[in-house]
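The block underneath contains the structure these notes are about, expressed in structure tokens.
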Amino acid sequence: MILQNLYNKVIGFFRQTDIEQQESTKETACNRLRVVLMQDRTNLTPELMERMRKEMIELLSKYVEMDKEALELNLEQDGEQVALMLSIPVIRAKDEEEIKAALAKEDEEKAKSTSESEDESTEDNEDTLEEEDLEDEVEIVEDEIEIVEDEEEA
């Protein structure tokens with residue numbers, strides 16, 4: 001009797017592990033199917049979905065601390081409409097000073113990139129002006145050559 005109980009417990013343990021593995025495999029398969037259906041409904045490639053997820057994390061990170069790995073981004077169909085569903089495990093909301101600092105840093109980076117692109121644009125304009133000046137000089141020299149040739153013929 002004692003051996004039979006022990007045997008049942010051991011067998012029950014392995015059966016429970018098998019059931020858990022089956023549920024885990026089933027859950028993984030369902031998640032994969034959801035991703036495929038979501039991509040099919042929205043015409044978004046996996047790369048675009050991942051980019052959207054990263055951009056959402058970047059945006060929300062300014063305001064809250066979250067478990068970035070556990071963030072879930074899903075598109076669910078409701079009749080003819082597709083809804084974007086987010087599950088965001090928030091650790092804590094950031095205080096106003098932290099948010100202002102993050103926004104100021106972002107503004108500073110934007111201003112820096114804008115000024116860099118303006119500098120590149122100015123350099124491009126200078127290069128264009130130099131090319132135009134050279135073209136003008138070439139035309140002047142060509143005109144002078146024609147004048148000299150005309151004088152020589154006469």
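In the stretch 39-49 there is at least one residue matching the filter, namely being at pLDDT 70 or above, under 16 Å from residue 83 (Cβ atoms) and outside any loop (DSSP other than H, G, I, E, B).
Each residue in the stretch 92-109 was checked for being touching a residue at least 12 places away in the same chain (Cβ under 8 Å) and either part of a helix (DSSP H, G or I) or in contact with a helix residue (DSSP H, G or I) (Cβ under 7 Å, 6 or more places away or on another chain) (or both), and 4 pass. When 58, 76, 65 are screened for being at pLDDT below 90, closer than 30 Å to residue 32 by Cβ, acidic (Asp, Glu) and surrounded by 12 or more Cβ atoms within 10 Å (Cβ to Cβ), only 76 passes. Taking the stretch 55-72 as the range and being in contact (Cβ under 8 Å) with a residue 12 or more places away in the chain and among the charged types (D, E, K, R) as the test, the residues that pass are 62, 65, 67, 72.
The values are calculated or read from the model by the stated rules, or taken from the named source; none is laboratory data. Given the structure is predicted, the values throughout are model-derived calculations rather than measurements. Cβ sites come from the backbone with ideal geometry, for glycine too, and all protein chains shown count toward neighbours.
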